[in-house]
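A short reminder: the numbers here are calculations on the coordinates, not readings from a lab. Given the structure is predicted, the values throughout are model-derived calculations rather than measurements. Cβ placement follows ideal geometry from the backbone for every residue including glycine, while neighbour counts extend to all protein chains displayed.
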Amino acid sequence: MIISLIAAMGKNRVIGKNNSLPWKLPADMEYFKKLTKGKPVIMGRKTFESMGKALPNRINIIITSNKNYKAKDCVIVHSIKEALKSAGNKNNEEAMVIGGAKIYEEFLPIANKVYLTVIDEDFDGNIYFPDFSRKEWKETKREEHESDKVNPYKYAFLVFERN
């Protein structure tokens, strides 16, 4: 199974502020939906709680240390190993790791692919995407977009694959 991270960040690596996104970028939300639909999504508890409910048409897997945690329409696990076991149950080809920062850090060493939206702006925030070595990763795709009436920032969809 391919393990992929998917995230959006500002130029300064910010991915969030107080458990919410510090921007609105509809094109990135559509990209996220397209890439994750029908696949298992793995996230931390705080990321799940920031969304408020399970994402439709996906297996939602939440990693938490709280043994009593419950969430409607979600699989609750307590380790990366359990998360991957749950994601692989239905012969899924790709599991999508959707955050937050701690979960990205834990999965990055074993990930095969990173889908990264880079927004051409510095944002005020307190949650960051982990730095990763360009020696270990190769950029395999880049799709650049200008700002428009709906998307107020210039941005690029990047795909990295492990060397």
Where does each of E106, E93 land when they are ranked from fewest to most other beta-carbon atoms within 10 angstrom? E93, E106
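Over the chain, what is the relative contact order in percent, taking alpha-carbon pairs closer than 8 angstrom and at least six residues apart? Spell out each step's value before the answer.
Details: 332 pairs, mean separation 55.4, N = 163.
This gives 34 percent for the chain.
For E94 and K141 in one chain, what is 0.36 nm times their gap in residues minus the Cα-Cα distance, to one decimal in nm?
Working: separation 47, 0.36 × 47 = 16.92 nm, distance 1.78 nm.
Result for the pair: 15.1 nm of gain on full extension.
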By how many degrees, between 0 and 90 and to the nearest 10, does the Cα long axis of helix 26-36 differ from the longest principal axis of the chain? 40
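How about the range 121-163: which trypsin sites (Lys or Arg not before Pro) there are in a DSSP loop, with at most 15 other Cβ atoms within 10 Å of their Cβ?
Details: sites: R134, K135, K138, K141, R142, K149, K154, R162; in loops: R134, K135, K149, K154.
Filter output for the range 121-163: R134, K135, K149, K154.
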Net lengthening on full extension, H78/K53 (0.36 nm per residue, minus Cα-Cα): 7.1 nm
Linear extension gain, E30 paired with K154, 0.36 nm per residue minus alpha-carbon span: 43.1 nm
Which FRET efficiency value, to the nearest 0.05, is calculated for S65 and E105 with the Förster distance at 25 angstrom and r the Cβ-Cβ distance? 0.95
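Just for the chain, what percent of DSSP beta bridges are antiparallel, to the closest 5?
Details: 18 of 41 bridges.
Given both bridge residues lie in the chain, the antiparallel proportion sits at roughly 45 percent.
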Using the Cα atoms of the chain, I'd like the radius of gyration and the largest Cα-Cα distance, Dmax, both in angstrom. 15.3, 46
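Report the charge-dipole magnitude of the range 2-162 in Debye, nearest 20, computed about the Cα centre from +1 at each Lys and Arg Cβ and -1 at each Asp and Glu Cβ. Kindly include the intermediate steps, with their values, before the conclusion.
On the way: 28 positive and 21 negative charges, 135 e Å.
Computed about the Cα centre, the dipole is about 640 debye.
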